[in-house]
Each structure stands twice: as structure tokens, then as C-alpha cells.
Amino acid sequence: MLTMNYLTVQIHKDNNAVSAEAARITQNYLIEVLHKKDEATILLATGDSQIKFLEILTNSREIDWSRINFFHLDEYLDIDREHPASFRTYLYEKVEKRIKAKSFHYLSGGSSEPLKECERYSKLLKRKQVDICFLGIGANGHLAFNEPQIKNFNDFDLVKITELDLNTRWSQVYQNHFESIDEVPKYALTVTIPMILSVNKILCLATGKNKAKITKIMLQENISSHCPSSFLREHSNAVLLLDRDSASLL
Ligand code: GLP
């Protein structure tokens, strides 16, 4: 185990070990939170890094899911809710339909008034203190869809519209979520960095060789907007879970 500023970094054997440990930490934390209050709130991520973790977590019978509220980090703009690459579809399949939650709040990427959608979602988020947030890291260091080219992350808003980096759009094609670059939306809705940093606890999962370079930058270069995930080093209760491949350049 390492620490970088405030961030705890754990290195595990492989993605299965990372996922099992993330599920164990989450389960213990939610049980603790539910001892103290009636409900808990989770901010979910999507992406390949979350698949095994969410599978293990949603198999848990120790968590009283009927007391858990769910939000998520981001969604493409102008995407049909039924599109296989929509984060709504991903989260419905991997979380919502597997448990009986207290509430499940989706960002609507198909909204004809995206600014109003940001306001609606912000209002809902403001009503809850998020207890735990799950994250992955984009190959360019993005968190949710907070892209490095945006440069200024002192957002006042909790949710915003953002333009996607071309690298981000291409990675969706390489990961087979879309057939061609033209199909990948150019804009998205995302919770902002201040919103992410306001949650009580953060678990960030990054596995595989393709995350090795950015993990090194995130942990060893200055905390700055050129790598949005480096801001996690300023959070007092965040854990980054890596496997041997993503930690191979550290
Ligand atoms: C997408 C999502 C992010 C996610 C990231 C990491 O770009 N917008 O919220 O964290 O991918 O992806 P993966 O989990 O596949 O490494």
C-alpha cells in the first residue's frame, strides 16, 4: 500500500482481486453508514473497470439495498436510452435490475433541453449527501467526462455539459461500444470535479496495461487539470485500486 498526498493506493494481483477488494470495502462501509442513518447514497461509474466489481457487489446479501439511493456520473448527450452504449442501459443491466434499490436516478442524455436536465439532476444531488462514489480513469486521465482540455475545474455547478476529447471518443470505438467514430456522441453530461470531491468516500478502479501510463502521471506528476484524476490526491478518504499491470510503471 502507498499513499500519494492524501490518496491511498492499493496494488492487487489482477482485476478479479481489485473487484473483490472494492466490493468488500464498499459493503463494510455501507453497513457502517446504515448503522448511523436510515439511507445511504451511491454515485456510480460505468466502464469496463466496474463490471466485475458491480457483479460481486450486487450479489451481496449483507447490504440492505432498499435503503440505498443511486446516482451516476455521466451520460452521452443525444443518445437514445435504449442504445447499447448508453450508460443508462449499462447501469440498468448491471445494477438496477439485480437489486431492489430505494431510488435510482438516471441522467437523461436524450433530453431535448440538456441544460434543464443538468439543473434537474443537480437539484436531486443537492438533496442527498453522497456517501460513496465509484470511479474509473479515462486513458487521458479524465474522471467521469471531465476532460483535460477543459483546463478549469472550479465549477460552481454540480452537473454540466461537456465536449468530449477526440481520444475519449476513439477509446469508445476501440472498446467496441460504438462501430465508428462518427457514431460516438461529441458531447456529454457529467457531474463536475467539485461534485466528485464533495462525496464522503471514493473508490477508484484502474486495471490493465492501457492504464499504466496515466496512472503514473496521475500519481507522480503535479496535481493539475492536465490529468483530472490527479485531483483525487486531495481527497481525504479516497482509495485507488490498481492491478499489477496498471501499476507496472510506478
Ligand atoms: C468512460 C466514462 C468514465 C469512466 C471511464 C473509464 O469514459 N465516462 O466515467 O470512468 O470511461 O473507463 P474504464 O472503466 O473502461 O476504464
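The values are calculated or read from the model by the stated rules, or taken from the named source; none is laboratory data. What you are looking at is a predicted structure, and each value in this text was computed from that prediction instead of being measured. Reconstructed Cβ throughout: ideal geometry from the backbone, glycine too, with neighbour counts over all protein chains shown. The accessibility values were calculated without ligands, DNA or RNA, using every heavy atom of the protein model including side chains. Shrake-Rupley method; radii C 1.70, N 1.55, O 1.52, S 1.80 Å.
Working carefully through the options Leu30, Leu54, Leu77, find the one that is closer than 19 Å to Lys100 by Cα, within 15 Å of the ligand (Cβ to nearest atom) and within 20 Å of the chain's Cα centre (by Cα).
Residue meeting the stated conditions: Leu54.
Identify the residue in region 2-56 that is small (Gly, Ala, Ser) and not in a helix (DSSP H, G or I) and, among all such residues, is most open to solvent (accessible area, probe 1.4 Å).
Within region 2-56, the match that is most open to solvent (accessible area, probe 1.4 Å) is Gly47.
How about region 57-99: which of its residues are open to solvent by less than 20 Å² (accessible area, probe 1.4 Å) and charged (D, E, K, R)?
Of everything in region 57-99, those that are open to solvent by less than 20 Å² (accessible area, probe 1.4 Å) and charged (D, E, K, R) turn out to be Asp74, Glu75.
Being touching a Ser or Thr at 6+ places or on another chain (Cβ under 7 Å) and away from the ligand (no atom under 11 Å from the Cβ) is the filter here; which residues of region 153-185 pass it?
Phe153, Asp155, Asp157, Leu158, Val159, Lys160, Val173
Conditions: (1) crowded, with 21+ Cβ neighbours inside 10 Å; (2) within 14 Å of the ligand (Cβ to nearest atom); (3) more than 24 Å from Lys52 (Cβ to Cβ). Ile196 meets all but one. Number of the miss?
Of everything listed in (1) crowded, with 21+ Cβ neighbours inside 10 Å; (2) within 14 Å of the ligand (Cβ to nearest atom); (3) more than 24 Å from Lys52 (Cβ to Cβ), Ile196 misses just condition (3).
For region 199-212, name all the residues that are out of contact with any Asp or Glu (no Cβ under 6 Å at 6 or more places or on another chain) and either exposed (fewer than 15 other Cβ atoms within 10 Å of the Cβ) or touching a residue at least 40 places away in the same chain (Cβ under 8 Å) (or both).
Correct list: Val199, Lys201, Ile202, Leu203, Cys204, Leu205, Ala206, Asn210, Lys211.
Where residues in region 100-121 are of a type in the set (A, V, I, L, M, F, W, C) and over 21 Å from Arg67 (Cα atoms), which of them is least open to solvent (accessible area, probe 1.4 Å)?
Cys118
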